[in-house]
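Engineer: Here it is, the structure in full.
The values are calculated or read from the model by the stated rules, or taken from the named source; none is laboratory data. All of these numbers come straight from a predicted model, not from anything done at the bench. Quick reminder, even Gly has a Cβ in these numbers, built from the backbone with ideal geometry, and neighbours come from all protein chains shown. To get the accessible areas, we keep the full protein, side chains included, count just its heavy atoms, and leave off ligands, DNA and RNA. Shrake-Rupley method; radii C 1.70, N 1.55, O 1.52, S 1.80 Å.
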Amino acid sequence: MAAGHHHRSIVWQIAEDYSHCEFLIRLPGYCPMPAFRDVVDVPLVVRRLHKQRKEVRKELGIGEDTKLVILNFGGQPAGWKLKEEYLPPGWLCLVCGASDTEELPPNFIKLAKDAYTPDLIAASDCMLGKIGYGTVSEALAFKLPFVFVRRDYFNEEPFLRNMLEYYQSGVEMIRRDLLTGHWKPYLERAISLKPCYEGGTNGGEVAAHILQETASGKNYASDKFSGARRLRDAIVLGYQLQRAPGRDLCIPDWFANAESELGLPNKSPTLPVEERGAHMESYMEHFDVLHGDVQGLSDTMSFLKSLAELNSVYDSGMAEKRQMRERKAAAGLFNWEEDIFVTRAPGRLDVMGGIADYSGSLVLQLPIREACHVALQRNHPTKHRLWKHAQARQNAKGEGSKPVLQIVSYGSELSNRAPTFDMDLSDFMDGEGPMSYKKARKYFAQDPAQKWAAYIAGTILVLMKELGVRFEDSISLLVSSTVPEGKGVSSSASVEVASMSAIAAAHGLSISPRDLALLCQKVENHIVGAPCGVMDQMTSACGEADKLLAMVCQPAEVIGLVDIPGHIRFWGIDSGIRHSVGGADYGSVRIGAFMGRKMIKSRASELLSNSSSLANGISHDDLEDDGIELLETESSLYYLCNLPPHRYEAMYAKQLPETITGEAFMEQYSDHNDTVTVIDPKRVYGVRASARHPIYENFRVKAFKALLTSATSEDQLTSLGELLYQCHYSYSACGLGSDGTDRLVQLVQDMQHSKLPKSEDGTLYGAKITGGGSGGTVCVMGRNSLGSSHQIIEIQQRYKGATGFLPYVFDGSSPGAGRFGYLKIRRRLSSLKPKEQ
């Protein structure tokens with residue numbers, strides 16, 4: 001993606017080359033490589049030692065009782081200066097890759113350029129560096145604890161990190177602590193580890209033997225791959241390429257499809273009454289519910305059960321088999337003697353409206369069954385359980401206990417990001433007041449592995465700036481979401497809404513669901529930097545189960561809830577192509593729409609000022625017929641969707657250019673008047689299609705809403721489906737389509753028009769791409785029948801047959817955050833182990 005459209009053919013060439021490989025020699029710590037049919041596993045490839053530990057230390061003049069860390073980054077960050085106080089007293093540091101002109105403190109030792117690194121690694125007590133196959137292999141082979149910092153845009157990292165932790169050899173350091181010198185807690189933790197790798201280290205010799213045997217024709221002759229398998233290879237590589245600097249598409253979810261691959265059935269989050277007993281017992285025996293109701297939601301019961309189980313995780317310590325790192329961090333997050341607040345916010349399926357929300361359209365949105373849960377606890381800073389590196393940071397400042405925010409986010413292993421985030425809440429202050437949104441965006445962007453925290457911590461800054469809230473207590477926050485990321489179903493909005501709801505509940509803030517949604521939109525627009533409209537947050541906050549939220553986005557006026565007729569059902573089918581509203585395509589289409597609005601306003605003003613003369617074939621009489629009053633309204637048009645389609649076609653369609661460069665637009669119109677996007681002077685923007693889409697989409701949504709309440713008939717269903725199809729192709733005209741979503745829509749059409757008998761009256765009537773487009777999920781409408789469900793499954797299987805990807809199906813609905821409210825719970829001391837009471 002970074003290379004640009006004209007260089008993507010290289011990807012296909014790589015895929016073609018790989019498809020001819022006979023076999024794969026696979027090393028420990030591998031990431032999934034489904035392109036290869038025949039696999040041979042070999043041990044670690046490790047360079048041999050030339051000298052023993054004592055000999056190396058003697059040559060360096062370092063005694064055995066001196067703690068020694070080797071700094072192995074393959075080059076240091078630009079402008080970074082090492083300081084003596086970075087190391088604990090009595091420690092020394094060997095520095096690899098330091099420049100000849102760099103001056104180091106007395107406790108740092110510069111190594112020669114030709115120094116043999118394996119000998120120096122084996123002579124050290126621990127290593128500090130970035131993850132790479134060679135460093136991880138040698139750390140394991142020499143039983144050396146490895147303090148590592150995450151590596152941006154490196155898809156292999158999660159698997160190498162897991163291997164380190166499995167053999168008790170890894171400690172993750174936050175990048176901020178690396179650069180500011182808070183090394184002590186990480187180094188002390190590292191030397192307390194007991195690395196336990198006992199596997200082979202002769203992978204080089206084994207691989208050489210295999211290659212020699214193959215060269216002589218003795219082994220591994222296999223058939224070439226089929227075309228379908230080659231296509232899957234290309235898809236895998238394409239997902240890897242999505243990780244590029246500057247893009248928000250940094251989560252390689254192609255290896256995280258276990259649930260879909262196993263074909264697990266979708267279930268409604270609300271259990272039947274007869275099945276609730278066991279689930280309720282599992283959390284009722286651990287918690288007293290002081291406020292709120294779980295409302296029979298099985299996912300909420302499961303979340304409370306997982307909270308109760310954190311106690312046993314914390315107690316098990318390192319003796320247990322490898323636990324997920326995030327759950328270990330969460331286990332030490334809460335004080336079980338204090339109240340915990342729990343909130344829930346669902347994702348949403350965009351039924352109609354989509355990207356027209358930022359132009360003021362009517363939208364129809366369905367809250368889905370998948371949701372985000374947040375557990376939050378506030379404590380006085382003196383009673384807060386701080387992580388060791390956070391405690392070290394406060395000790396270094398010498399200011400005593402200060403309010404701290406600590407966040408644990410489940411799902412990090414699936415998305416290659418840090419599972420934890422922490423900061424001093426005073427970092428949000430700039431002098432006497434809260435920092436600007438611009439500074440906050442820069443603050444969270446400094447470490448890509450922790451950029452996700454902006455969605456959660458950003459809610460605190462917005463409350464500080466917009467409502468004047470001051471946070472004097474520390475906050476512990478656990479986030480657990482089943483809303484898949486990057487699939488266009490508002491995973492980010494659900495996190496924002498659930499987080500702000502929890503913060504508001506814990507601090508006694510009374511915020512209406514509508515106002516809360518608008519505040520959460522500020523988080524996404526101004527702190528995260530994604531130029532989304534407000535429908536995502538509004539649906540997550542204000543939605544109702546099994547109803548469509550009807551909202552006019554001017555800016556966020558809920559006009560009611562629309563009942564879904566009993567004979568109609570909606571599904572979402574994931575295309576497997578990652579979607580992001582922070583992506584370049586969505587932003588450029590939004591800019592094009594605002595450019596079109598500016599041109600329409602300018603044209604209307606021009607017609608008014610020249611109403612007595614002929615202007616582009618429109619006479620004074622024509623203007624009188626159309627109405628001077630209409631032109632006056634259109635000259636001050638605030639929302640593009642307030643322009644009816646017939647007025648657009650009659651007065652403005654031919655005046656708008658197909659495209660325009662940013663530079664040409666700014667020369668003529670100065671600005672597009674959108675506060676959340678910036679025009680690139682060198683970029684070419686589509687104007688006519690981008691402006692036309694919201695104008696017609698607003699009309700389509702109104703028609704869709706009216707049809708839902710009309711009499712049940714075949715015409716009703718086919719008309720609703722046709723509106724969905726029209727919306728889909730309008731997205732494509734804007735440049736927001738994708739091969740995957742187009743394929744799914746075509747499969748729905750094939751199913752709809754199939755001449756085969758439709759069992760049990762099941763049929764599908766329409767489908768469209770959703771949300772910000774460019775991939776993500778397709779919304780499908782059909783009869784609410786078993787036959788239709790079978791057709792959805794058949795489409796799922798056909799898509800897998802064509803692409804190698806089994807799509808996730810969204811089916812079901814659940815209440816929004818406003819309807820759920822919040823739970824206030826307290827752990828029953830009788831459920832804790834005796835030593836913890």
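Engineer: If Lys and Arg each add +1 and Asp and Glu each add -1, what is the summed charge of the other residues whose beta carbon sits under 11 Å from the beta carbon of Pro403? Walk me through the intermediate numbers first.
Structural biologist: On the way: positive: Arg378, Lys402, Arg470; negative: Asp424, Asp427, Glu472, Asp473.
Around Pro403, the surrounding residues sum to -1.
Engineer: What do you get for Rg/Rh of region 748-817 when both radii come from the Cα atoms and Rh is the Kirkwood radius?
Structural biologist: Working: Rg = 13.2 Å, Rh = 13.3 Å.
Radius of gyration over Kirkwood radius for region 748-817 works out to 0.99.
Engineer: Would you mind getting the accessible area per residue of region 704-813, heavy atoms of the protein chains only, 1.4 Å probe, in Å²? Intermediate values should be presented prior to the final figure.
Structural biologist: Details: 4170 Å² over 110 residues.
Averaged over the residues of region 704-813, the accessible area is 38 Å².
Engineer: Take peptides 20-26, 571-577 and line them up by average Cβ neighbours within 10 Å, highest first, as a rough protection proxy.
Structural biologist: Working: 20-26: 14.3, 571-577: 26.4.
Descending packing order for the listed peptides: 571-577, 20-26.
Engineer: Grab the beta carbon distance between Leu24 and Val678, set R0 = 51 Å, and tell me the FRET efficiency rounded to 0.05. Present the calculation step by step, with values, prior to reporting the outcome.
Structural biologist: On the way: r = 45 Å, r/R0 = 0.88.
Taking R0 as 51 Å, the efficiency between Leu24 and Val678 is 0.70.
Engineer: Looking only at Cα atoms, what is the convex hull volume of region 699-795 per residue, in Å³?
Structural biologist: Numbers: hull volume 9.7 nm³, N = 97.
Spread over its residues, the Cα hull of region 699-795 gives 100 Å³ apiece.
Engineer: Report the full-extension gain for the segment Ser512 to Asp427: residue separation times 0.36 nm, less the Cα-Cα distance, to one decimal in nm. Write down the numbers at each step before the final one.
Structural biologist: On the way: separation 85, 0.36 × 85 = 30.60 nm, distance 2.81 nm.
Result: 27.8 nm gained on full extension.
Engineer: Next question. Take the alpha carbon atoms of region 528-566, find their center, do the same for region 442-493, and report the distance between the two centers in whole angstrom.
Structural biologist: Between the Cα centres of region 528-566 and region 442-493 lies a distance of 21 Å.
Engineer: Heavy-atom accessible area per residue, region 343-389, 1.4 Å probe: how many Å²? Please list the in-between numbers first.
Structural biologist: Details: 930 Å² over 47 residues.
Roughly 20 Å² per residue, with all protein chains present.
Engineer: Ranked from highest to lowest mean number of other Cβ atoms within 10 Å per residue, what is the order of the peptides 156-166, 194-204, 358-368? Mind dumping the intermediate values first?
Structural biologist: Numbers: 156-166: 20.1, 194-204: 14.7, 358-368: 27.0.
Top of the packing list down: 358-368, 156-166, 194-204.
Engineer: Distance in nm between label sites at Leu786 and Glu632, each 7 Å beyond Cα in the beta-carbon direction?
Structural biologist: 6.4
Engineer: What FRET efficiency comes out for His291 versus Arg53 if R0 is 51 angstrom and r is the Cβ-Cβ distance? Round to the nearest 0.05. Kindly include the intermediate steps, with their values, before the conclusion.
Structural biologist: Details: r = 60 Å, r/R0 = 1.17.
Step by step, r from the Cβ atoms, then E = 0.30.
Engineer: For the pair Val206/Lys143, report the inter-label distance in nm, with labels modelled 7 Å from Cα in the Cβ direction.
Structural biologist: 2.1
Engineer: Pop the C-beta distance of Val469 and Thr661 into the FRET formula with R0 = 51 Å and round what comes out to the nearest 0.05. Spell out each step's value before the answer.
Structural biologist: Working: r = 44 Å, r/R0 = 0.86.
Calculated value: 0.70.
Engineer: Relative contact order for region 681-837 using alpha-carbon pairs under 8 Å, separation at least 6, rounded to a whole percent? Please list the in-between numbers first.
Structural biologist: Working: 152 pairs, mean separation 26.4, N = 157.
Normalised by residue count, the contact order of region 681-837 is 17 percent.
Engineer: Something else: With 26 Å as the limit, write out which pairs from Lys194/Lys383; Lys143/Lys184; Lys487/Lys547; Lys110/Lys328 have Cα-Cα distances beyond it, or answer none.
Structural biologist: On the way: Lys194/Lys383 31 Å; Lys143/Lys184 21 Å; Lys487/Lys547 21 Å; Lys110/Lys328 37 Å.
In this structure, Lys194/Lys383; Lys110/Lys328 exceed 26 Å between Cα atoms.
Engineer: Can you spot the lysines whose alpha carbon is less than 18 Å from Lys451's alpha carbon? Ignore those fewer than 8 places along the same chain.
Structural biologist: Lys438, Lys439, Lys442, Lys522
Engineer: How large a share of the accessible area of region 490-531, in percent, is made up of carbon and sulfur atoms when the probe is 1.4 Å and the other protein chains stay in place?
Structural biologist: On the way: 480 of 1020 Å².
Looking at region 490-531 in its full context, I get 47 percent from C and S.
Engineer: Might you tell me the accessible area per residue for region 433-539, computed with a 1.4 Å probe and given in Å²? Let's see the in-between values first.
Structural biologist: On the way: 3150 Å² over 107 residues.
That works out to 29 Å² for each residue.
Engineer: In region 626-775, carbon and sulfur make up what percent of the accessible area (probe 1.4 Å)?
Structural biologist: Working: 3660 of 7130 Å².
It is 51 percent, rounded to a whole number.
Engineer: Compute the relative contact order of region 333-441 as a whole-number percentage, counting only Cα pairs closer than 8 Å that sit 6 or more residues apart in sequence. Write out the running numbers ahead of the final one.
Structural biologist: Values: 114 pairs, mean separation 21.3, N = 109.
So the answer I get is 20 percent.
Engineer: To continue, here is another question. So between Cys31 and Gln746, what do we pick up on full extension, going 0.36 nm a residue minus the alpha carbon distance?
Structural biologist: Details: separation 715, 0.36 × 715 = 257.40 nm, distance 3.32 nm.
My answer for the length gained is 254.1 nm.
Engineer: Follow-up question, since we're still on this one. Taking the Cβ of Phe594 as the center, what net charge do the other residues with Cβ under 12 Å away carry, scoring Lys and Arg +1 and Asp and Glu -1? Let's see the in-between values first.
Structural biologist: Details: positive: Arg590, Arg597, Lys598, Lys601; negative: Asp671, Asp674.
So the surrounding residues net to +2.
Engineer: If you take the charge dipole of region 700-752 about its Cα centre, with +1 on Lys and Arg Cβ and -1 on Asp and Glu Cβ, which of Thr712, Val701, Ala733 is farthest toward its positive end?
Structural biologist: Val701
Engineer: Obtain the nm distance between the two label points defined at Asp65 and Thr712 by a simple spin-label model: each point lies 7 Å from its Cα along the Cα-to-C-beta direction.
Structural biologist: 8.8
Engineer: Grab the other residues whose beta carbon is less than 14 angstrom from that of Ile475, score K and R as +1, D and E as -1, and report the net. The partial results should precede the final answer.
Structural biologist: On the way: positive: Arg378, Lys383, Arg385, Lys402, Arg470; negative: Glu338, Asp339, Asp422, Asp424, Asp427, Glu472, Asp473.
Overall, the nearby charge balance is -2.
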